[in-house]
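Let me begin by presenting the structure, written as structure tokens, before commenting on it.
The values are calculated or read from the model by the stated rules, or taken from the named source; none is laboratory data. Keep in mind it's a predicted model, so treat the numbers as computed, not measured. Every residue, glycine among them, receives a Cβ derived from its backbone with ideal geometry; neighbour counts consider all protein chains shown. Side chains are part of the model used for accessible areas, which takes the heavy atoms of the whole protein and leaves out ligands, DNA and RNA. Shrake-Rupley method; radii C 1.70, N 1.55, O 1.52, S 1.80 Å.
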Amino acid sequence: MNNATPAQTEPSPTDRLPAWDLSDLYPSSDSPMVTDDFRKAEDAAKAFAKARAGTLATASGAALATPAQTEPSPTDRLPAWDLSDLYPSPDSPMITDDFRKAEDAAKAFAKARAGTLATASGAALAAAIREYEAIQEILGRIGSYAQLLFAGDSSDPAIGRFYQTVSERITAIGSDMIFFTLELNRLDDSALEVRLADPALARYRPWLRDLRVFRPHQLSDELEKLTHERDLTANGAWVRLFDETIAAMRIDLNGESLTVSDTLNKLSDRDRSVRESAGKAVGKAFGDNIRLFGLITNTLAKDKEIEDTWRHHARPTSFRNRANMVEDEVVDALVTAVRASYPRLSHRYYQMKAKWLGLPKLQHWDRNAPLPGDDDRLIAWPDATKQVLDAYGAFSPELASVGKQFFDKPWIDARLKPGKSGGAFAHPTVPSVHPYLLLNYHGKTRDVMTLAHELGHGVHQVLAGPQGTLMSNTPLTLAETASVFGEMLTFRSLLDTATKAQRRIMLASKVEDMLNTVVRQIAFYEFETLLHDERRTGELLPERIGELWMKVQTESLGPAFEFTPEYSVFWSYVPHFIHSPFYVYAYAFGDCLVNALYSVFQNGHPGFQAKYLEMLKAGGTKRHKELLAPFGLDASDPAFWSKGLDVISGFIDELEAVG
């Protein structure tokens, strides 16, 4: 035995040297506090220059010592979400544990259930669905966290890597469970109906009903697994490339380097020269990248054609219609009604707007220009919050109570920061947690309406949550109902207290929002239809895609406009074309549906609020016919769409009457 003791050495003079802790300044270099303080300093500097420049020569001593009284910026202290209700951080052991649980459960599920469903009882099928749902809940939670992190900053390589890694693991685990829905769809209708007599399985009847819509389009187990696993390196990879390219782009505007979102916001500036510069800058930036965006668009359209062919979808729009649980004929009727109404809606309105602006012709950068007399007052976040919640509360205290949670808790990210996803969305995450809202709040009236819109989604998702992971999500067409209804509530609430002059401005602003939601989105749908149809004959050059874009824009916006050449690339920034082909008609569907629904409410329909809340709570368990029947409405009636469009036309009539 060696009993020697270690040599006693003198401590090194560099042992345990002190290290500073800079968290008294900021927690980290990427802390939101840094971004917020930069914005505050920038706003304060601009306000300081505006208030003090040229005044010092005549200022008193007291004035020199007194801080300038400046209005707070409407974008001061915008809320940031806290995703820790999902997971504390990307490297949290909870994520590792949840992945392990899901992976083990999926393998055990496949081993126990694969090949057994044909002879399983109703109770056994119900138990299997519950197991499947529990695994989907875990994967949905992890996936939601990764998606929201990426939306918050897609320019961070570490977040991009995390998002991709999560997506790949979810795909791998999901492969073990692909057999389940395929085997369920192979069950004979009559055999399944017998088993649905069991109350435990009957709970899942709506999910099974919707699942079987895709029965005729189902591939073999091996092909379904291949399609599932290659999505990340096929469709998903091109979508990610689009998102990261947009997030990284910076647009030079009058010497200032802006994000795409900030530059697009300048298209509604009061100063026409600013709008023109922004429009041309956007055109140049996307024109410089148009080959890339053309390649992405062509590749995804071809990828869709291949899958549609294998699955025997009749036309490019068919999958989206099936997913929305709406008949092709209903969508065709909507599109036909809107296109036939272009002259009485968009054409008529924009001719009036050209006169109001004193212009012989409108350019594309004038489409969202503020109207003369519109003070374009910036609205601070607390005021926007109050306006929206007051409007919700006047309609239904229960609706407002659910909505208030989003403001009382860190469930909203409204900050303006580089790398953040543009636009706005509501993410449902999973029923065991809660939704999150993303906005880019610039303090304008349109931003308040966007807040009302996304809050409608969030409230809908909370109310539908008890339906569970498999049945809480609604088809896109009905998902837009609560959001557009929330907008309408907020608009009507503000309109009721407006002066005569304010009313005219508000009506015009609402008409523009409705035209953007209905006419513009159906024009987008027409553009996609033309593009995907022509792509089936061969690849389209970016210039040809631009020609299709200009065709539908000219048709939809009307003779009040003339378009400068750079507008031909504006198709390339629309994310819906990339993320969700043919999604866009859902906005028009929702707007027209809500117009008809709101008319029923205005006419004093008995018990409207209670019926409306029940409609939201139904989640994905009912189709549009069932949901609208209590209100005496039927979307399959061709006259239904005219009712919704008549509301827009009526607003334009009123604007014409007041001049």
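The value of relative contact order for region 368-469, using C-alpha pairs under 8 Å at least six residues apart, is 28 percent.
Bridging of residue 280 to aspartates and glutamates at a Cα separation below 20 Å is possible for 252, 256, 262, 269, 271, 288, 366, 543, 547, 562, 566, once same-chain residues fewer than 8 apart are set aside. The share of accessible area on region 501-656 that comes from carbon and sulfur is 54 percent, using a 1.4 angstrom probe. Note on residue 444: accessible area is roughly 30 Å² with a 1.4 Å probe, heavy atoms of protein only.
Normalised by the number of residues in region 460-607, the mean separation of alpha-carbon contacts (under 8 Å, six or more apart) gives a relative contact order of 38 percent. All C-alpha to C-alpha distances of region 599-654, sorted into 10 Å bins beginning at zero, yield P(r) values of 21, 44, 30, 5 percent in whole numbers.
Quick one: dipole size for the chain, taken about the Cα centre, charges +1 on Lys/Arg Cβ and -1 on Asp/Glu Cβ, in debye to the nearest 20.
1040
Expressed as a fraction of 2.2 N^0.38 Å, the C-alpha radius of gyration for region 510-578 is 1.12.
Given R0 = 51 Å, the distance between the Cβ atoms of residue 226 and residue 291 translates into a calculated FRET efficiency of 0.95. Against the empirical 2.2 N^0.38 Å (N residues), region 399-496 has a Cα radius of gyration ratio of 1.07.
If you put +1 on each Lys and Arg Cβ and -1 on each Asp and Glu Cβ, how big is the dipole of region 98-148 around its Cα centre, in Debye rounded to 20?
Value, rounded to 20: 120 debye.
Near the amide H of residue 327, within less than 5 Å, lie no amide hydrogens of residues on another chain or at least 5 residues away, with H placed in the peptide plane. The distance from the alpha carbon centre of region 417-439 to that of region 312-389 is 23 Å, rounded to a whole number. Here region 182-323 is treated with +1 on each Lys and Arg Cβ and -1 on each Asp and Glu Cβ, and its dipole about the Cα centre works out to around 440 debye. For q values of 0.10, 0.14, 0.21, 0.22 Å⁻¹, compute log₁₀ I(q)/I(0) with the Debye formula on a Cα-only model of region 540-659, without solvent. Ignoring solvent entirely, the Cα scatterers give -0.50, -0.84, -1.19, -1.24. Excluding ligands, DNA and RNA, the accessible surface per residue across the chain is 46 Å² with a 1.4 Å probe. Charges on Cβ only, +1 for Lys and Arg, -1 for Asp and Glu, centred on the Cα centroid of the chain; of 352, 242, 573, which one is farthest towards the dipole's positive end? Final value for the positive-end residue is 352. On the full set of protein chains, 1.4 Å probe, figure out the accessible area of residue 543 and give it in Å² to the nearest 10. That residue has around 90 Å² of solvent-accessible surface. Once both labels are positioned 7 Å from their Cα atoms along Cα-to-Cβ, the gap between residue 502 and residue 658 label points is 1.2 nm. Calculation over all alpha carbon pairs of the chain in 10 angstrom steps from 0 returns a P(r) of 3, 13, 23, 26, 18, 9, 4, 2, 1, 0, 0 percent. Straight-line cross-link reach from residue 225 at under 30 Å between alpha-carbon atoms covers these lysines, not counting any fewer than eight positions away in the same chain: 101, 107, 111, 302, 304, 622.
Of the DSSP beta bridges with both residues in the chain, give the percent that are antiparallel, rounding to the nearest 5. Once the DSSP bridges in the chain are tallied, antiparallel ones form about 65 percent. Here region 209-248 has 57 percent of its accessible surface on carbon and sulfur atoms, given a 1.4 Å probe and all protein chains in place.
When only Cα pairs below 8 angstrom with a gap of at least 6 residues are kept, the chain shows a relative contact order of 17 percent. P(r) for region 108-201, from all Cα pairs and a bin width of 10 Å, is 15, 36, 23, 17, 8, 1 %, short bins first.
Between the C-alpha center of region 234-249 and that of region 265-291 there is a gap of 21 Å. Annotation: amide H of residue 362 within the under-5 Å range of 561, 562, sequence separation 5 or more or interchain, hydrogens built in the peptide plane. Here the calculated FRET efficiency for residue 432 and residue 212, from their Cβ-Cβ distance with R0 = 25 Å, stands at 0.40, rounded to the nearest 0.05. Amide H to amide H distances under 5 Å link residue 253 with 258, where only residues 5 or more positions off or on other chains count and H is placed in the peptide plane.
On region 311-407, 55 percent of the accessible area sits on carbon and sulfur atoms, based on a 1.4 Å probe. Positive-end ranking of 373, 421, 434 along the dipole of region 367-518, with charges on Cβ about the Cα centre, is headed by 373.
Diffusion coefficient (Stokes-Einstein, Kirkwood radius over C-alpha pairs, 4 °C, 1.567 mPa s) for region 431-549: 75 µm²/s, rounded to a whole number.
Among 627, 112, 596, pick out the residue whose Cα is farthest towards the positive end of the charge dipole of the chain, where Lys and Arg carry +1 and Asp and Glu carry -1 on C-beta, about the Cα centre. With unit charges placed on the Cβ atoms, the residue in question is 596.
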